[in-house]
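The values are calculated or read from the model by the stated rules, or taken from the named source; none is laboratory data. None of these values were measured; they are calculated from a predicted model. Backbone-built Cβ (ideal geometry, glycine too); neighbour counts: all protein chains shown. These accessible areas exclude ligands, DNA and RNA; they are computed on the full protein's heavy atoms, side chains included. Shrake-Rupley method; radii C 1.70, N 1.55, O 1.52, S 1.80 Å.
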Amino acid sequence: MTLPDFDRLKAMWEDPEFTEVAQWQSRHPGAPVVGYLPAYAPRELVYAAGGLAVGLWGAGPQVEIIRGDIYYQSYICRLPRSVLETAPALGGFSGVIFSSICDVMRNLSGMWQILFPHQWAAYLDLPQNFSPETGGRFFHETLIDLATRILGHPPDGAYSQRLAQAISLTNRQTDLFRRLAGLRSRFPWKVPVDEWYTLLRSALVLHPEDHVPQLAAYLALAENRESRPLDHIRVHLAGAFCEQPTIGLLKAIEASGCYIVSHDLLLGLHWFTAPLKETGDPFQSLVDGYLNRSGPAPFKYCVPREKAETFLALVREHRADGVIFAAPSFCDPSLLDRAMLREALETQGIPSASFKYAENTCQYSGIAEVAGTFSDSIRLWPKES
(Lines give C-alpha, C1' and ligand atoms only; values in the text may rest on other atoms or scores of the structure.)
Protein backbone atom coordinates (compact mmCIF):
# COMPACT_ATOMS: atom_id res chain seq x y z
CA MET A 1 0.00 0.00 0.00
CA THR A 2 1.41 3.40 -0.97
CA LEU A 3 0.46 7.01 -0.30
CA PRO A 4 -1.70 8.80 -2.86
CA ASP A 5 0.14 10.86 -5.47
CA PHE A 6 -0.31 14.24 -3.79
CA ASP A 7 1.41 16.16 -6.58
CA ARG A 8 -1.10 14.75 -9.06
CA LEU A 9 -4.07 15.41 -6.77
CA LYS A 10 -2.98 18.98 -6.12
CA ALA A 11 -2.42 19.66 -9.82
CA MET A 12 -5.84 18.19 -10.50
CA TRP A 13 -7.86 20.57 -8.34
CA GLU A 14 -5.66 23.57 -9.10
CA ASP A 15 -6.14 23.11 -12.85
CA PRO A 16 -8.37 25.95 -14.18
CA GLU A 17 -8.97 23.93 -17.37
CA PHE A 18 -10.52 21.00 -15.46
CA THR A 19 -8.50 18.49 -17.50
CA GLU A 20 -9.33 15.63 -15.14
CA VAL A 21 -13.05 16.31 -15.61
CA ALA A 22 -12.67 16.36 -19.40
CA GLN A 23 -10.87 13.02 -19.25
CA TRP A 24 -13.66 11.56 -17.11
CA GLN A 25 -16.19 12.79 -19.68
CA SER A 26 -14.26 11.09 -22.47
CA ARG A 27 -14.46 7.81 -20.54
CA HIS A 28 -18.19 8.29 -19.86
CA PRO A 29 -19.70 9.77 -23.03
CA GLY A 30 -23.16 11.21 -22.54
CA ALA A 31 -22.97 11.19 -18.72
CA PRO A 32 -24.00 14.47 -17.05
CA VAL A 33 -21.32 16.62 -15.45
CA VAL A 34 -22.75 19.10 -12.96
CA GLY A 35 -20.86 21.87 -11.21
CA TYR A 36 -21.84 23.01 -7.75
CA LEU A 37 -20.77 26.06 -5.81
CA PRO A 38 -20.24 26.38 -2.06
CA ALA A 39 -21.22 25.27 0.35
CA TYR A 40 -23.58 22.28 0.14
CA ALA A 41 -25.20 20.47 -2.76
CA PRO A 42 -26.82 17.00 -2.87
CA ARG A 43 -24.09 15.38 -4.98
CA GLU A 44 -25.88 12.05 -4.73
CA LEU A 45 -28.47 13.22 -7.26
CA VAL A 46 -25.72 13.56 -9.88
CA TYR A 47 -24.03 10.24 -9.06
CA ALA A 48 -27.39 8.45 -9.28
CA ALA A 49 -27.73 9.77 -12.84
CA GLY A 50 -24.37 8.19 -13.71
CA GLY A 51 -22.71 11.60 -13.70
CA LEU A 52 -19.91 13.52 -12.01
CA ALA A 53 -20.44 16.35 -9.51
CA VAL A 54 -17.65 18.94 -9.63
CA GLY A 55 -17.14 21.41 -6.79
CA LEU A 56 -16.41 24.96 -7.99
CA TRP A 57 -14.73 26.58 -5.01
CA GLY A 58 -12.80 29.22 -6.95
CA ALA A 59 -9.61 29.17 -8.98
CA GLY A 60 -7.12 30.23 -6.30
CA PRO A 61 -4.07 32.28 -7.28
CA GLN A 62 -3.56 30.41 -10.56
CA VAL A 63 -5.89 32.64 -12.61
CA GLU A 64 -5.61 36.33 -13.39
CA ILE A 65 -9.02 37.97 -13.11
CA ILE A 66 -10.00 39.95 -16.20
CA ARG A 67 -13.42 38.82 -17.40
CA GLY A 68 -14.72 38.38 -13.84
CA ASP A 69 -14.04 42.03 -12.95
CA ILE A 70 -16.40 43.12 -15.71
CA TYR A 71 -19.36 41.60 -13.91
CA TYR A 72 -18.54 42.08 -10.23
CA GLN A 73 -17.42 44.94 -8.03
CA SER A 74 -13.83 44.83 -6.85
CA TYR A 75 -14.77 45.03 -3.16
CA ILE A 76 -16.70 41.75 -2.87
CA CYS A 77 -15.17 38.31 -2.40
CA ARG A 78 -13.01 36.98 -5.21
CA LEU A 79 -14.71 33.60 -5.67
CA PRO A 80 -17.52 34.57 -8.10
CA ARG A 81 -15.07 36.49 -10.28
CA SER A 82 -12.64 33.58 -10.51
CA VAL A 83 -15.50 31.16 -11.27
CA LEU A 84 -16.57 33.40 -14.16
CA GLU A 85 -12.95 33.59 -15.30
CA THR A 86 -12.78 29.80 -15.60
CA ALA A 87 -16.28 29.51 -17.11
CA PRO A 88 -15.05 28.73 -20.67
CA ALA A 89 -13.60 25.46 -19.31
CA LEU A 90 -17.05 24.57 -17.97
CA GLY A 91 -18.71 24.63 -21.39
CA GLY A 92 -19.13 20.85 -21.43
CA PHE A 93 -21.02 20.81 -18.13
CA SER A 94 -24.72 20.00 -18.21
CA GLY A 95 -25.55 22.56 -15.56
CA VAL A 96 -24.46 24.31 -12.39
CA ILE A 97 -25.99 24.34 -8.88
CA PHE A 98 -25.78 27.53 -6.81
CA SER A 99 -26.45 27.16 -3.09
CA SER A 100 -28.32 29.91 -1.27
CA ILE A 101 -25.57 31.04 1.07
CA CYS A 102 -25.40 34.77 0.27
CA ASP A 103 -26.55 37.53 -2.10
CA VAL A 104 -23.45 37.10 -4.24
CA MET A 105 -24.28 33.47 -4.96
CA ARG A 106 -27.89 34.32 -5.76
CA ASN A 107 -26.82 37.04 -8.19
CA LEU A 108 -24.25 34.73 -9.78
CA SER A 109 -26.93 32.14 -10.51
CA GLY A 110 -28.98 34.73 -12.41
CA MET A 111 -25.95 36.03 -14.25
CA TRP A 112 -25.04 32.47 -15.26
CA GLN A 113 -28.42 31.94 -16.89
CA ILE A 114 -27.86 35.03 -19.03
CA LEU A 115 -24.23 34.37 -19.96
CA PHE A 116 -24.51 30.60 -20.56
CA PRO A 117 -28.01 29.84 -21.89
CA HIS A 118 -26.89 26.43 -23.21
CA GLN A 119 -26.58 25.20 -19.60
CA TRP A 120 -29.21 24.98 -16.92
CA ALA A 121 -28.56 26.92 -13.72
CA ALA A 122 -30.31 25.79 -10.55
CA TYR A 123 -30.54 28.01 -7.48
CA LEU A 124 -30.62 25.59 -4.53
CA ASP A 125 -32.79 27.42 -2.01
CA LEU A 126 -31.86 25.75 1.27
CA PRO A 127 -34.84 26.02 3.65
CA GLN A 128 -34.37 27.82 6.94
CA ASN A 129 -37.49 26.27 8.44
CA PHE A 130 -36.57 22.84 9.82
CA SER A 131 -39.99 21.37 10.45
CA PRO A 132 -40.73 18.29 8.28
CA GLU A 133 -44.13 19.67 7.27
CA THR A 134 -42.76 22.99 5.99
CA GLY A 135 -39.03 23.02 5.32
CA GLY A 136 -38.92 19.26 4.79
CA ARG A 137 -41.73 19.24 2.24
CA PHE A 138 -40.23 22.22 0.41
CA PHE A 139 -36.79 20.62 0.25
CA HIS A 140 -38.23 17.30 -0.96
CA GLU A 141 -39.90 19.10 -3.88
CA THR A 142 -36.68 21.01 -4.54
CA LEU A 143 -34.72 17.75 -4.78
CA ILE A 144 -37.26 16.23 -7.19
CA ASP A 145 -37.00 19.34 -9.37
CA LEU A 146 -33.20 19.21 -9.27
CA ALA A 147 -33.13 15.52 -10.19
CA THR A 148 -35.44 16.29 -13.11
CA ARG A 149 -33.00 18.93 -14.37
CA ILE A 150 -30.06 16.53 -14.10
CA LEU A 151 -31.87 13.65 -15.84
CA GLY A 152 -33.84 15.68 -18.35
CA HIS A 153 -37.02 13.93 -17.20
CA PRO A 154 -38.75 13.17 -13.86
CA PRO A 155 -37.02 10.53 -11.71
CA ASP A 156 -38.47 7.02 -11.79
CA GLY A 157 -38.15 3.91 -9.64
CA ALA A 158 -34.87 2.81 -11.22
CA TYR A 159 -33.36 6.21 -10.49
CA SER A 160 -34.49 5.96 -6.85
CA GLN A 161 -32.64 2.64 -6.55
CA ARG A 162 -29.49 4.21 -7.96
CA LEU A 163 -29.93 7.17 -5.59
CA ALA A 164 -29.96 4.80 -2.63
CA GLN A 165 -26.68 3.30 -3.91
CA ALA A 166 -25.21 6.80 -4.33
CA ILE A 167 -26.13 7.65 -0.74
CA SER A 168 -24.36 4.49 0.43
CA LEU A 169 -21.28 5.53 -1.56
CA THR A 170 -21.11 9.06 -0.16
CA ASN A 171 -21.73 7.67 3.33
CA ARG A 172 -18.53 5.65 2.93
CA GLN A 173 -16.66 8.73 1.77
CA THR A 174 -18.03 10.87 4.60
CA ASP A 175 -17.16 8.20 7.15
CA LEU A 176 -13.57 8.23 5.94
CA PHE A 177 -13.53 12.02 6.13
CA ARG A 178 -14.84 11.75 9.69
CA ARG A 179 -12.18 9.20 10.64
CA LEU A 180 -9.44 11.29 9.05
CA ALA A 181 -10.68 14.38 10.90
CA GLY A 182 -10.66 12.40 14.13
CA LEU A 183 -7.10 11.23 13.55
CA ARG A 184 -5.93 14.75 12.79
CA SER A 185 -7.72 16.08 15.86
CA ARG A 186 -5.99 13.55 18.11
CA PHE A 187 -2.59 13.48 16.38
CA PRO A 188 -2.26 16.46 14.00
CA TRP A 189 1.45 15.77 13.53
CA LYS A 190 0.60 12.45 11.86
CA VAL A 191 -1.49 14.14 9.16
CA PRO A 192 0.43 17.07 7.61
CA VAL A 193 -1.86 19.94 6.72
CA ASP A 194 -0.92 19.94 3.02
CA GLU A 195 -1.67 16.20 2.64
CA TRP A 196 -4.92 16.46 4.57
CA TYR A 197 -6.19 19.48 2.64
CA THR A 198 -5.16 18.02 -0.72
CA LEU A 199 -7.14 14.85 0.02
CA LEU A 200 -10.13 16.91 1.08
CA ARG A 201 -10.11 19.22 -1.91
CA SER A 202 -9.49 16.52 -4.49
CA ALA A 203 -12.97 15.22 -3.61
CA LEU A 204 -14.33 18.22 -5.52
CA VAL A 205 -13.03 16.79 -8.79
CA LEU A 206 -12.89 13.01 -8.35
CA HIS A 207 -15.86 10.66 -8.35
CA PRO A 208 -16.24 9.02 -4.91
CA GLU A 209 -15.57 5.62 -6.50
CA ASP A 210 -12.09 6.91 -7.39
CA HIS A 211 -11.61 8.99 -4.26
CA VAL A 212 -12.66 6.54 -1.53
CA PRO A 213 -9.82 4.03 -2.15
CA GLN A 214 -7.23 6.80 -1.89
CA LEU A 215 -8.76 8.08 1.34
CA ALA A 216 -8.81 4.58 2.83
CA ALA A 217 -5.19 3.89 1.84
CA TYR A 218 -3.97 7.16 3.30
CA LEU A 219 -5.86 6.68 6.54
CA ALA A 220 -4.39 3.21 7.05
CA LEU A 221 -0.85 4.51 6.58
CA ALA A 222 -1.29 7.73 8.57
CA GLU A 223 -2.61 5.87 11.61
CA ASN A 224 0.71 4.00 11.87
CA ARG A 225 2.96 6.91 10.92
CA GLU A 226 5.87 7.55 13.27
CA SER A 227 6.28 11.26 13.89
CA ARG A 228 6.82 13.58 16.83
CA PRO A 229 4.55 16.41 17.96
CA LEU A 230 5.72 19.99 18.02
CA ASP A 231 5.16 22.51 20.79
CA HIS A 232 2.05 23.93 19.14
CA ILE A 233 -1.32 25.01 20.46
CA ARG A 234 -4.55 23.49 19.13
CA VAL A 235 -6.95 25.80 17.28
CA HIS A 236 -10.33 25.66 15.61
CA LEU A 237 -10.36 27.49 12.26
CA ALA A 238 -13.72 29.16 11.62
CA GLY A 239 -15.20 31.15 8.74
CA ALA A 240 -13.49 29.53 5.73
CA PHE A 241 -16.49 27.49 4.57
CA CYS A 242 -16.74 29.13 1.13
CA GLU A 243 -13.80 30.86 -0.57
CA GLN A 244 -10.77 28.74 0.27
CA PRO A 245 -7.35 29.80 1.54
CA THR A 246 -4.27 28.47 -0.20
CA ILE A 247 -2.33 25.51 1.14
CA GLY A 248 0.52 27.94 1.75
CA LEU A 249 -1.66 29.99 4.09
CA LEU A 250 -2.70 26.90 6.06
CA LYS A 251 0.92 25.80 6.32
CA ALA A 252 1.89 29.29 7.52
CA ILE A 253 -0.65 29.05 10.35
CA GLU A 254 0.73 25.70 11.47
CA ALA A 255 4.35 26.71 11.04
CA SER A 256 3.63 29.65 13.34
CA GLY A 257 2.64 27.32 16.17
CA CYS A 258 -1.06 26.50 15.63
CA TYR A 259 -2.24 22.98 14.85
CA ILE A 260 -5.60 23.20 13.05
CA VAL A 261 -7.51 20.42 14.83
CA SER A 262 -11.01 21.32 13.59
CA HIS A 263 -12.36 23.60 10.88
CA ASP A 264 -15.16 24.46 8.46
CA LEU A 265 -13.07 24.32 5.27
CA LEU A 266 -15.03 22.84 2.33
CA LEU A 267 -17.89 22.36 4.72
CA GLY A 268 -20.31 20.68 2.31
CA LEU A 269 -18.09 17.60 2.03
CA HIS A 270 -18.21 16.79 5.74
CA TRP A 271 -21.26 18.66 6.98
CA PHE A 272 -23.41 15.72 8.07
CA THR A 273 -22.84 14.61 11.64
CA ALA A 274 -24.23 11.10 11.07
CA PRO A 275 -24.65 8.80 8.05
CA LEU A 276 -27.67 9.32 5.82
CA LYS A 277 -30.35 6.64 5.95
CA GLU A 278 -29.74 3.95 3.33
CA THR A 279 -33.25 2.45 3.45
CA GLY A 280 -36.65 3.84 2.54
CA ASP A 281 -37.26 6.79 0.22
CA PRO A 282 -33.79 8.09 -0.76
CA PHE A 283 -35.14 11.59 -1.43
CA GLN A 284 -36.52 11.64 2.10
CA SER A 285 -33.13 10.45 3.33
CA LEU A 286 -31.52 13.57 1.83
CA VAL A 287 -34.25 15.71 3.38
CA ASP A 288 -33.71 14.12 6.79
CA GLY A 289 -29.97 14.62 6.42
CA TYR A 290 -30.38 18.33 5.85
CA LEU A 291 -33.01 18.85 8.55
CA ASN A 292 -31.61 16.65 11.31
CA ARG A 293 -28.04 15.55 10.55
CA SER A 294 -26.35 18.71 9.28
CA GLY A 295 -23.98 20.59 11.54
CA PRO A 296 -23.84 24.32 12.23
CA ALA A 297 -22.99 26.68 9.39
CA PRO A 298 -22.92 30.45 8.83
CA PHE A 299 -25.61 30.05 6.15
CA LYS A 300 -27.92 27.90 8.30
CA TYR A 301 -30.37 29.57 10.66
CA CYS A 302 -30.10 28.72 14.31
CA VAL A 303 -31.27 30.49 17.46
CA PRO A 304 -28.23 32.58 18.49
CA ARG A 305 -27.95 31.03 21.94
CA GLU A 306 -28.10 27.51 20.49
CA LYS A 307 -25.55 28.37 17.80
CA ALA A 308 -23.16 29.69 20.45
CA GLU A 309 -23.62 26.59 22.61
CA THR A 310 -23.03 24.27 19.64
CA PHE A 311 -19.90 26.18 18.68
CA LEU A 312 -18.51 26.06 22.22
CA ALA A 313 -19.22 22.32 22.36
CA LEU A 314 -17.28 21.84 19.11
CA VAL A 315 -14.30 23.76 20.46
CA ARG A 316 -14.31 21.68 23.63
CA GLU A 317 -14.79 18.39 21.75
CA HIS A 318 -11.54 18.94 19.87
CA ARG A 319 -9.75 20.32 22.94
CA ALA A 320 -8.92 23.52 21.09
CA ASP A 321 -6.88 26.04 23.08
CA GLY A 322 -8.42 28.85 21.05
CA VAL A 323 -10.18 29.86 17.86
CA ILE A 324 -8.84 31.59 14.76
CA PHE A 325 -11.51 33.37 12.75
CA ALA A 326 -10.51 33.53 9.09
CA ALA A 327 -12.88 35.09 6.58
CA PRO A 328 -12.70 36.44 3.04
CA SER A 329 -13.31 40.17 2.80
CA PHE A 330 -17.01 41.08 2.70
CA CYS A 331 -18.16 37.52 3.44
CA ASP A 332 -21.34 38.54 5.26
CA PRO A 333 -22.29 35.08 6.66
CA SER A 334 -18.82 34.49 8.05
CA LEU A 335 -18.30 37.98 9.44
CA LEU A 336 -21.74 38.13 11.06
CA ASP A 337 -21.08 34.80 12.78
CA ARG A 338 -17.70 36.03 13.98
CA ALA A 339 -19.11 38.82 16.16
CA MET A 340 -21.62 36.55 17.88
CA LEU A 341 -19.29 33.59 18.36
CA ARG A 342 -16.42 35.72 19.63
CA GLU A 343 -18.71 37.09 22.34
CA ALA A 344 -19.61 33.53 23.34
CA LEU A 345 -15.92 32.61 23.55
CA GLU A 346 -15.16 35.60 25.73
CA THR A 347 -17.82 34.60 28.25
CA GLN A 348 -16.00 31.25 28.63
CA GLY A 349 -12.52 32.71 28.71
CA ILE A 350 -11.54 31.07 25.43
CA PRO A 351 -9.09 33.25 23.43
CA SER A 352 -9.50 34.03 19.75
CA ALA A 353 -7.70 35.82 16.94
CA SER A 354 -8.80 36.84 13.46
CA PHE A 355 -7.62 37.81 10.00
CA LYS A 356 -9.01 38.26 6.50
CA TYR A 357 -7.76 36.56 3.37
CA ALA A 358 -8.58 35.95 -0.28
CA GLU A 359 -8.19 32.80 -2.37
CA ASN A 360 -5.18 34.40 -4.07
CA THR A 361 -3.47 35.55 -0.86
CA CYS A 362 0.16 34.45 -1.21
CA GLN A 363 1.88 36.84 1.19
CA TYR A 364 1.67 35.20 4.57
CA SER A 365 3.92 37.27 6.84
CA GLY A 366 1.06 39.25 8.40
CA ILE A 367 -1.07 36.16 8.94
CA ALA A 368 1.89 34.22 10.32
CA GLU A 369 2.51 37.07 12.77
CA VAL A 370 -1.11 36.90 13.97
CA ALA A 371 -0.95 33.11 14.38
CA GLY A 372 2.48 33.18 16.00
CA THR A 373 1.55 35.87 18.48
CA PHE A 374 -1.66 34.00 19.29
CA SER A 375 0.27 30.78 19.89
CA ASP A 376 2.85 32.51 22.09
CA SER A 377 0.20 34.26 24.15
CA ILE A 378 -1.40 30.92 25.02
CA ARG A 379 1.76 28.84 25.50
CA LEU A 380 3.81 31.43 27.40
CA TRP A 381 1.16 33.43 29.24
CA PRO A 382 -1.88 31.15 29.50
CA LYS A 383 -3.46 33.06 32.38
CA GLU A 384 -3.28 36.34 30.48
CA SER A 385 -4.56 35.03 27.08
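Any idea what the dipole of segment 33-119 comes to, in debye rounded to 20, about its Cα centre with Lys/Arg Cβ at +1 and Asp/Glu Cβ at -1?
On the way: 5 positive and 5 negative charges, 10 e Å.
Roughly 40 debye, rounded to the nearest 20.
Distances between placed amide hydrogens fall under 5 Å for Tyr123 paired with Phe98, all partners being 5 or more residues away or on another chain. For segment 289-385, GluC sites (Glu not before Pro) meeting the loop criterion (DSSP other than H, G, I, E, B) and having at most 12 other Cβ atoms within 10 Å: Glu384. Reducing segment 296-371 and segment 78-157 to their Cα centroids gives an inter-centroid distance of 28 Å.
Using a simple spin-label model with pseudo-atoms 7 Å out from Cα toward Cβ, Ser100 and Cys362 lie 3.9 nm apart. Applying 0.36 nm per residue to the separation of Ser26 and Glu278 and subtracting their alpha-carbon distance, the gain on full extension is 87.6 nm. With one equal scatterer per alpha carbon and no solvent term, the Debye-computed log10 I(q)/I(0) for the chain at 0.06, 0.10, 0.14 1/Å reads -0.22, -0.64, -1.32.
For Thr134 and Ala158, compute 0.36 nm times the residue count separating them, minus their Cα-Cα distance, and round to one decimal in nm. Provide the component values of the computation, followed by the final result.
On the way: separation 24, 0.36 × 24 = 8.64 nm, distance 2.77 nm.
Stretched out fully, the Thr134 to Ala158 stretch lengthens by 5.9 nm.
Taking the 1.4 Å solvent-accessible surface of the chain as the whole, the part contributed by carbon and sulfur is 52%. Descending by average beta-carbon neighbour count within 10 Å, the peptides 40-53, 284-297, 92-105 line up as 40-53, 92-105, 284-297, the highest first. Taking all protein chains together and a 1.4 Å probe, the residues Arg184, Arg305, Arg179 rank Arg305, Arg179, Arg184 from largest to smallest accessible area.
Go ahead and run the numbers for FRET between Tyr75 and Ser168, Cβ-Cβ distance against an R0 of 45 Å, rounding to 0.05.
So, using R0 = 45 Å, E works out to roughly 0.50.
Here the relative contact order of the chain, from alpha carbon pairs under 8 Å that lie six or more residues apart, stands at 20 percent.
Descending by average beta-carbon neighbour count within 10 Å, the peptides 60-67, 139-146 line up as 139-146, 60-67, the highest first.
Largest accessible area first, the listed residues Lys251, Lys307 line up as Lys251, Lys307 when surface is computed with a 1.4 Å probe on the assembled protein chains. Compactness ratio for segment 1-57: Cα radius of gyration over 2.2 N^0.38 Å (N = residue count) comes to 1.24. Here Trp189 and Gln62 are evaluated by their C-beta separation; at R0 = 35 Å the FRET efficiency comes out at 0.75. Amide hydrogen proximity for Ser354: with H placed 1.01 Å from N in the peptide plane, the residues at 5 or more positions away or on another chain lying under 5 Å are Phe325. Ranking Ala217, Leu200, Leu230 by Cα position along the charge dipole of segment 186-233, where only Lys, Arg, Asp and Glu carry charges on their C-beta atoms, puts Leu230 farthest toward the positive end.
Note on Phe325: accessible area is roughly 10 Å² with a 1.4 Å probe, heavy atoms of protein only.
Ordering Ser26, Ser377 from largest to smallest accessible area (1.4 angstrom probe), what's the sequence? Show your work: numbers first, answer last.
On the way: Ser26 85, Ser377 30 Å².
Accessible-area ranking of Ser26, Ser377, largest first: Ser26, Ser377.
Can you tell me the length gained on complete extension of the stretch Arg305 to Ala339, counting 0.36 nm per residue apart and subtracting the Cα distance? Intermediate results must be reported in sequence, preceding the final value.
On the way: separation 34, 0.36 × 34 = 12.24 nm, distance 1.31 nm.
Taking Arg305 through Ala339 to full extension adds about 10.9 nm, to one decimal.
What accessible area per residue comes out for segment 230-287, rounded to a whole number of Å², with a 1.4 Å probe? Walk me through the intermediate numbers first.
On the way: 1650 Å² over 58 residues.
Accessible area per residue, segment 230-287: 28 Å².
When a/c is below 1.5 the answer is rounded, else prolate if a/b is larger than b/c, else oblate, so apply that to segment 59-169 with a ≥ b ≥ c taken from the square roots of the Cα gyration tensor eigenvalues. Show your work: numbers first, answer last.
Details: a/c = 2.39, a/b = 1.67, b/c = 1.43.
Prolate, since a/c reaches 1.5 and a/b exceeds b/c.
Distance between the pseudo-spin-label points of Ser377 and Asp5 (7 Å out from Cα toward the beta carbon): 4.5 nm.
Each Lys and Arg Cβ is given +1 and each Asp and Glu Cβ -1; about its Cα centre, the chain then shows a dipole of about 500 debye. If you take the alpha carbon atoms of segment 147-286 and fit the smallest convex hull around them, that volume is 123 Å³ per residue. Heavy atoms of the protein chains alone define the surface here; on that basis segment 1-145 has 43 Å² accessible area per residue at 1.4 Å probe size.
For Arg319 and Lys251, what does the FRET efficiency come to when R0 = 22 Å and r is the distance between their Cβ atoms, rounded to the nearest 0.05?
Numbers: r = 22 Å, r/R0 = 1.00.
That gives a FRET efficiency of 0.50.
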